[in-house]
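The values are calculated or read from the model by the stated rules, or taken from the named source; none is laboratory data. Since the model is a prediction, treat every value here as computed from it, not as a measurement. Cβ atoms come from the backbone with ideal geometry, glycine included; neighbour counts cover every protein chain shown. Keep in mind that these areas ignore ligands, DNA and RNA; they rest on the heavy atoms of the full protein, side chains included. Shrake-Rupley method; radii C 1.70, N 1.55, O 1.52, S 1.80 Å.
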Amino acid sequence: MTRRAELAANLAALESRVGAACRAAGRDRSEVGVVAVSKTWPASDVVLLRDLGLRDFGENRDADAAQKAAAVPDVRWHFVGSVQTNKARSVASYAHVVHSLDRPSLVTALSAGAVRAGRLVDVLVQVSLDGAPGRGGADPDDVPELAGLAAAADGLRLAGVMAVAPLGAAARPAFDRLAAVAEALRSRHPEARIVSAGMTGDLEDAVAAGANLLRVGTALFGTRPPLLR
Ligand SMILES: *Cc1c(COP(=O)(O)O)cnc(C)c1O
């Protein structure tokens, strides 16, 4: 089977999963977007999936992301990994959406990078659902302040929230907590409509909890080599 046929089959299988999840949740399929997380996979795969109709791609390391964004400029690039402050300028030069805003100093750094590049970058506040620090994301209590900083920053547009389900705990209650954080945020910032949650292993829970942007790697591309998470 060619790589194109493999990706097409994976995309069709993903589409039926997302469709079924939407029907089960009583939601319209058009409410839920998919970011294809292409980390560790070559730009040639991005081109194949673009030609199969996908428009949004995600990366979690600046060096890989910068290279693929340059190779495939006619799609929307999402940065889904934690952003080191010294990489913020680079990330702001190609990313359309940064999913991992988790601290005030990153607002400053991304804003400076976006202004320098003459771009407007959408940012999502990453929310920690762990109840403990470690896997990235701001404490839910800190989200309003961080969101306010992002909304006021030149070159940035506050677009919503993002989370990764906690390790070793059920995803659904965590995604329900994210939905509550997102709803509270929208009361102050109605434009912050994106709720980015759900990966290959838990996208049904995310759809059930109201997420409107899924980040899917494995189900589309296959299993990543273990050392390249
Ligand atoms: C890798 C990654 C994904 C995709 O994960 P899969 O389980 O392969 O679908 C989604 N979100 C983030 C933040 C990631 O790092």
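Only residues that are at pLDDT 95 or above, charged (D, E, K, R) and more than 16 Å from the chain's Cα centre (by Cα) were counted in the range 129-169, giving 5. Residue pairs whose Cβ atoms lie under 8 Å apart, separated by 6 or more positions or on different chains, with the first residue in the range 42-65 and in contact (Cβ under 8 Å) with a residue 40 or more places away in the chain and the second part of a loop (DSSP other than H, G, I, E, B) and within 13 Å of the ligand (Cβ to nearest atom), are D45/S38; L49/S38; G58/S38; G58/K39; G58/V80; G58/G217.
Look at E183 and say whether it is among the acidic types (D, E) and free of Cβ contacts under 8 Å to residues at least 12 places away in the same chain.
Working: among the acidic types (D, E): yes; free of Cβ contacts under 8 Å to residues at least 12 places away in the same chain: yes.
Taking the combined requirement at face value, the residue satisfies it.
For the range 63-89, which residues satisfy the criterion of being open to solvent by less than 30 Å² (accessible area, probe 1.4 Å) and charged (D, E, K, R)? Answer for the range 63-89, where residues must be open to solvent by less than 30 Å² (accessible area, probe 1.4 Å) and charged (D, E, K, R): just K68.
Going residue by residue through the range 130-146, is there one that turns out to be among the acidic types (D, E), within 16 Å of the ligand (Cβ to nearest atom) and farther than 23 Å from S38 by Cβ?
So the first thing to find is which residues in the range 130-146 are among the acidic types (D, E), and the list is 130, 139, 141-142, 145.
Next, only the ones that are within 16 Å of the ligand (Cβ to nearest atom) stay: 130.
Retained after the next criterion (residues that are farther than 23 Å from S38 by Cβ): 130.
Taking every residue of the range 130-146 in turn, at least one turns out to be among the acidic types (D, E), within 16 Å of the ligand (Cβ to nearest atom) and farther than 23 Å from S38 by Cβ.
Within the range 17-39, how many residues are open to solvent by less than 50 Å² (accessible area, probe 1.4 Å) and either within 18 Å of the chain's Cα centre (by Cα) or away from the ligand (no atom under 15 Å from the Cβ) (or both)?
We begin by selecting, within the range 17-39, every residue open to solvent by less than 50 Å² (accessible area, probe 1.4 Å); these are 18-22, 25, 27, 32-39.
Narrowing the set further to residues that are either within 18 Å of the chain's Cα centre (by Cα) or away from the ligand (no atom under 15 Å from the Cβ) (or both) leaves 18-20, 22, 25, 27, 32-39.
Count: 14.
Meeting the requirement of 2 or more residues that are open to solvent by 50 Å² or more (accessible area, probe 1.4 Å), of a type in the set (D, E) and over 25 Å from S111 (Cβ atoms), the helices (runs of 4 or more DSSP H) wholly within the range 129-221 are 171-188, 203-208.
Here A114 meets each of (1) among the hydrophobic types (A, V, I, L, M, F, W, C); (2) under 20 Å from A70 (Cβ atoms); (3) open to solvent by 20 Å² or more (accessible area, probe 1.4 Å) with one exception, condition (3). Just one of the listed residues (V216, V164) is hydrophobic (A, V, I, L, M, F, W, C), touching a residue at least 40 places away in the same chain (Cβ under 8 Å) and within 11 Å of the ligand (Cβ to nearest atom), namely V216. Here A43 passes the criteria (1) away from the ligand (no atom under 16 Å from the Cβ); (2) open to solvent by less than 40 Å² (accessible area, probe 1.4 Å); (3) within 24 Å of R172 (Cα to Cα) except the one numbered (3).
When the range 97-125 is filtered for residues that are within 16 Å of the ligand (Cβ to nearest atom) and free of Cβ contacts under 8 Å to residues at least 40 places away in the same chain, the ones remaining, listed by number, are V98, L106, V123.
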